[in-house]
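Novice: Pasting a structure below so you can have a look.
The values are calculated or read from the model by the stated rules, or taken from the named source; none is laboratory data. Nothing here was measured: the structure is a model prediction, and the numbers come from that model. All Cβ positions, glycine included, derive from the backbone under ideal geometry; neighbour counts span all protein chains shown.
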Amino acid sequence: MHDTIHHAAATDPAKQLQPTRRGIMIGAVAAPIIIGAAGEASGQAPGALGADAVAVRISVNGTQHDLLLDPRTSLLDLLRERLDLTGAKKGCDHGQCGACTVHLDGARVASCLTMAVQAVGRRVGTIEGVSAATGALHPMQQAFIDHDALQCGYCTPGQIMAAIACVQEGHATSPEQIREYMSGNICRCGAYVGIVAAIADAAPKMQAG
(Lines give C-alpha, C1' and ligand atoms only; values in the text may rest on other atoms or scores of the structure.)
Protein backbone atom coordinates (compact mmCIF):
# COMPACT_ATOMS: atom_id res chain seq x y z
CA MET A 1 0.00 0.00 0.00
CA HIS A 2 2.81 2.43 0.87
CA ASP A 3 4.50 1.81 -2.47
CA THR A 4 1.21 2.41 -4.28
CA ILE A 5 0.65 5.79 -2.58
CA HIS A 6 4.24 6.86 -3.25
CA HIS A 7 3.97 5.90 -6.92
CA ALA A 8 0.70 7.82 -7.29
CA ALA A 9 2.21 10.98 -5.78
CA ALA A 10 5.21 10.72 -8.08
CA THR A 11 3.14 10.34 -11.24
CA ASP A 12 0.26 12.72 -10.42
CA PRO A 13 1.11 16.16 -11.98
CA ALA A 14 -1.14 18.01 -9.53
CA LYS A 15 0.69 16.54 -6.56
CA GLN A 16 4.08 17.24 -8.13
CA LEU A 17 3.21 20.94 -8.29
CA GLN A 18 2.35 21.19 -4.62
CA PRO A 19 5.14 22.94 -2.65
CA THR A 20 6.85 21.07 0.13
CA ARG A 21 8.73 22.44 3.13
CA ARG A 22 11.93 20.91 1.78
CA GLY A 23 11.38 22.48 -1.63
CA ILE A 24 10.72 25.91 -0.17
CA MET A 25 13.87 25.78 1.95
CA ILE A 26 16.02 24.69 -0.98
CA GLY A 27 14.55 27.45 -3.16
CA ALA A 28 15.17 30.11 -0.52
CA VAL A 29 18.83 29.14 -0.27
CA ALA A 30 19.38 28.71 -3.99
CA ALA A 31 17.66 31.92 -5.15
CA PRO A 32 20.41 34.35 -4.04
CA ILE A 33 23.03 32.11 -5.64
CA ILE A 34 21.15 32.06 -8.94
CA ILE A 35 20.57 35.82 -8.85
CA GLY A 36 24.21 36.45 -8.02
CA ALA A 37 25.38 34.26 -10.86
CA ALA A 38 23.07 36.04 -13.29
CA GLY A 39 24.41 39.39 -12.14
CA GLU A 40 27.99 38.30 -12.71
CA ALA A 41 27.13 36.91 -16.12
CA SER A 42 25.57 40.20 -17.20
CA GLY A 43 28.52 42.21 -15.89
CA GLN A 44 26.27 44.36 -13.68
CA ALA A 45 26.78 44.67 -9.95
CA PRO A 46 23.70 45.18 -7.76
CA GLY A 47 22.48 48.74 -8.22
CA ALA A 48 24.47 49.23 -11.43
CA LEU A 49 23.26 51.92 -13.81
CA GLY A 50 20.88 50.79 -16.51
CA ALA A 51 20.62 51.73 -20.15
CA ASP A 52 18.63 54.86 -19.26
CA ALA A 53 21.58 56.48 -17.40
CA VAL A 54 22.28 60.08 -18.37
CA ALA A 55 25.51 62.06 -18.45
CA VAL A 56 25.27 65.31 -16.50
CA ARG A 57 27.49 68.16 -15.34
CA ILE A 58 26.51 69.60 -11.99
CA SER A 59 28.11 72.47 -10.08
CA VAL A 60 28.29 71.92 -6.32
CA ASN A 61 29.90 74.55 -4.12
CA GLY A 62 31.61 75.99 -7.19
CA THR A 63 33.10 72.68 -8.35
CA GLN A 64 31.96 71.05 -11.58
CA HIS A 65 31.20 67.33 -11.49
CA ASP A 66 30.73 65.20 -14.61
CA LEU A 67 28.61 62.19 -13.69
CA LEU A 68 26.63 59.33 -15.14
CA LEU A 69 23.33 59.12 -13.26
CA ASP A 70 20.15 57.16 -13.09
CA PRO A 71 17.60 59.92 -13.90
CA ARG A 72 15.61 58.88 -10.80
CA THR A 73 18.49 59.80 -8.46
CA SER A 74 17.58 62.47 -5.92
CA LEU A 75 19.87 65.41 -5.34
CA LEU A 76 20.27 64.23 -1.74
CA ASP A 77 21.46 60.77 -2.80
CA LEU A 78 23.81 62.30 -5.36
CA LEU A 79 25.40 64.53 -2.72
CA ARG A 80 25.71 61.85 -0.07
CA GLU A 81 26.42 58.69 -2.05
CA ARG A 82 28.29 59.93 -5.12
CA LEU A 83 30.04 63.11 -3.94
CA ASP A 84 30.59 62.20 -0.27
CA LEU A 85 28.99 65.46 0.86
CA THR A 86 27.15 64.09 3.88
CA GLY A 87 26.22 67.37 5.58
CA ALA A 88 22.70 67.22 4.17
CA LYS A 89 20.92 64.55 6.19
CA LYS A 90 18.27 62.04 5.19
CA GLY A 91 15.69 62.49 7.89
CA CYS A 92 12.18 61.77 6.63
CA ASP A 93 12.94 61.46 2.87
CA HIS A 94 9.53 63.06 2.28
CA GLY A 95 10.36 66.78 2.38
CA GLN A 96 8.81 67.22 5.81
CA CYS A 97 11.73 67.67 8.23
CA GLY A 98 14.15 70.03 6.46
CA ALA A 99 17.28 68.07 7.43
CA CYS A 100 18.27 67.78 3.77
CA THR A 101 17.94 71.49 2.94
CA VAL A 102 20.44 72.80 0.38
CA HIS A 103 20.51 75.81 -1.94
CA LEU A 104 19.68 75.68 -5.63
CA ASP A 105 20.64 78.96 -7.31
CA GLY A 106 20.54 80.47 -3.82
CA ALA A 107 17.02 79.28 -3.01
CA ARG A 108 16.46 76.64 -0.35
CA VAL A 109 15.12 73.29 -1.51
CA ALA A 110 14.48 69.89 0.05
CA SER A 111 17.12 67.86 -1.72
CA CYS A 112 15.28 64.60 -1.01
CA LEU A 113 12.44 65.78 -3.27
CA THR A 114 14.67 67.37 -5.92
CA MET A 115 15.90 65.23 -8.79
CA ALA A 116 19.63 65.50 -9.40
CA VAL A 117 19.02 66.19 -13.10
CA GLN A 118 17.09 69.32 -12.10
CA ALA A 119 20.38 70.79 -10.89
CA VAL A 120 22.02 70.67 -14.32
CA GLY A 121 23.06 74.19 -15.33
CA ARG A 122 22.31 75.54 -11.85
CA ARG A 123 24.34 76.23 -8.70
CA VAL A 124 24.04 73.78 -5.83
CA GLY A 125 25.18 74.97 -2.42
CA THR A 126 25.62 72.71 0.60
CA ILE A 127 26.72 73.22 4.19
CA GLU A 128 30.23 72.13 3.16
CA GLY A 129 30.54 75.26 1.01
CA VAL A 130 29.21 77.81 3.51
CA SER A 131 32.39 78.73 5.36
CA ALA A 132 35.04 80.94 3.76
CA ALA A 133 37.99 79.50 1.86
CA THR A 134 40.19 80.69 4.73
CA GLY A 135 38.26 78.43 7.08
CA ALA A 136 36.43 81.29 8.80
CA LEU A 137 32.92 80.35 9.78
CA HIS A 138 29.90 81.92 8.11
CA PRO A 139 28.15 84.42 10.44
CA MET A 140 25.21 82.02 10.68
CA GLN A 141 27.43 79.11 11.69
CA GLN A 142 29.07 81.24 14.36
CA ALA A 143 25.71 82.47 15.62
CA PHE A 144 24.46 78.90 16.01
CA ILE A 145 27.48 78.18 18.19
CA ASP A 146 27.16 81.39 20.19
CA HIS A 147 23.47 80.82 20.96
CA ASP A 148 23.64 77.05 21.56
CA ALA A 149 21.21 76.60 18.69
CA LEU A 150 21.76 72.85 18.51
CA GLN A 151 21.89 69.77 20.66
CA CYS A 152 22.38 66.47 18.81
CA GLY A 153 23.31 68.38 15.65
CA TYR A 154 21.56 66.09 13.17
CA CYS A 155 19.24 68.80 11.85
CA THR A 156 21.81 71.61 12.15
CA PRO A 157 23.19 71.62 8.57
CA GLY A 158 19.67 71.90 7.18
CA GLN A 159 18.74 74.50 9.80
CA ILE A 160 21.74 76.65 8.87
CA MET A 161 21.10 76.38 5.13
CA ALA A 162 17.45 77.34 5.67
CA ALA A 163 18.44 80.14 8.05
CA ILE A 164 20.85 81.68 5.53
CA ALA A 165 18.12 81.60 2.89
CA CYS A 166 15.63 83.02 5.37
CA VAL A 167 17.84 86.09 5.86
CA GLN A 168 18.57 86.44 2.14
CA GLU A 169 14.85 86.29 1.40
CA GLY A 170 14.23 89.18 3.80
CA HIS A 171 12.24 87.03 6.20
CA ALA A 172 14.27 87.62 9.35
CA THR A 173 12.96 90.99 10.49
CA SER A 174 11.32 89.72 13.70
CA PRO A 175 11.28 86.60 15.89
CA GLU A 176 7.74 85.90 14.76
CA GLN A 177 8.70 86.09 11.10
CA ILE A 178 11.77 83.91 11.65
CA ARG A 179 9.65 81.25 13.34
CA GLU A 180 7.15 81.34 10.48
CA TYR A 181 9.73 81.02 7.71
CA MET A 182 11.79 78.40 9.55
CA SER A 183 8.78 76.25 10.36
CA GLY A 184 9.69 73.72 7.66
CA ASN A 185 12.82 72.72 9.58
CA ILE A 186 12.18 70.44 12.55
CA CYS A 187 14.51 70.18 15.55
CA ARG A 188 13.55 67.10 17.51
CA CYS A 189 15.75 68.26 20.40
CA GLY A 190 13.67 71.45 20.69
CA ALA A 191 16.46 74.02 20.26
CA TYR A 192 14.08 76.51 18.66
CA VAL A 193 14.74 79.37 21.09
CA GLY A 194 18.44 79.27 20.30
CA ILE A 195 17.81 78.90 16.57
CA VAL A 196 15.61 82.01 16.44
CA ALA A 197 18.13 83.97 18.50
CA ALA A 198 20.99 82.85 16.24
CA ILE A 199 19.19 83.95 13.08
CA ALA A 200 18.28 87.31 14.60
CA ASP A 201 21.93 87.78 15.59
CA ALA A 202 23.39 86.72 12.23
CA ALA A 203 20.98 88.66 10.02
CA PRO A 204 22.51 92.15 10.42
CA LYS A 205 26.03 90.70 10.15
CA MET A 206 25.14 88.99 6.88
CA GLN A 207 23.55 92.15 5.52
CA ALA A 208 26.55 94.22 6.53
CA GLY A 209 28.91 91.76 4.87
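Novice: Could you check, for segment 155-168, whether at least one of its residues is surrounded by fewer than 20 Cβ atoms within 10 Å (Cβ to Cβ) and more than 24 Å from LEU75 (Cα to Cα)?
Specialist: No; the residues of segment 155-168 include none that is surrounded by fewer than 20 Cβ atoms within 10 Å (Cβ to Cβ) and more than 24 Å from LEU75 (Cα to Cα).
Novice: Same structure again: Looking at segment 140-185 only, could you name the residues that are closer than 16 Å to ALA99 by Cα, of a type in the set (Gly, Ala, Ser) and without any contact (Cβ under 8 Å) to a residue 60 or more places away in the chain?
Specialist: Across segment 140-185, the qualifying residues are ALA149, GLY153, ALA163, SER183.
Novice: Looking at (1) exposed (fewer than 15 other Cβ atoms within 10 Å of the Cβ); (2) at pLDDT 95 or above, find the lone condition where GLY209 falls short.
Specialist: Result: GLY209 fails condition (2) only.
Novice: Looking at ALA133, is it over 30 Å from PRO71 (Cβ atoms) and at pLDDT 95 or above?
Specialist: Judged against the criteria, ALA133 is not a match.
Novice: Still on this structure, please answer the following. With the structure loaded, tell me whether ALA136 is surrounded by 13 or more Cβ atoms within 10 Å (Cβ to Cβ) and of a type in the set (Gly, Ala, Ser) or whether it fails that test.
Specialist: It is false that ALA136 is surrounded by 13 or more Cβ atoms within 10 Å (Cβ to Cβ) and of a type in the set (Gly, Ala, Ser).
Novice: Those residues that are closer than 19 Å to ALA55 by Cα and buried (at least 16 other Cβ atoms within 10 Å of the Cβ), I need them from segment 71-108; list them, please.
Specialist: Selection gives THR73, SER74, LEU75, LEU76, ASP77, LEU78, LEU79, ARG80, LEU83.
Novice: Only one of ALA55, ALA88 is modelled with pLDDT of 95 or more, part of a loop (DSSP other than H, G, I, E, B), of a type in the set (A, V, I, L, M) and not assigned by TED's automatic domain parsing to the domain that holds GLY158; which?
Specialist: None of the others qualify; the one that does is ALA88.
Novice: Only residues in segment 84-109 that are at negative phi and polar (S, T, N, Q) count as the first member; pair them with residues that are at pLDDT 95 or above and assigned to a strand (DSSP E or B), Cβ under 8 angstrom, at least 6 apart or cross-chain, and list the lot.
Specialist: THR101/ARG108; THR101/VAL109; THR101/ALA110
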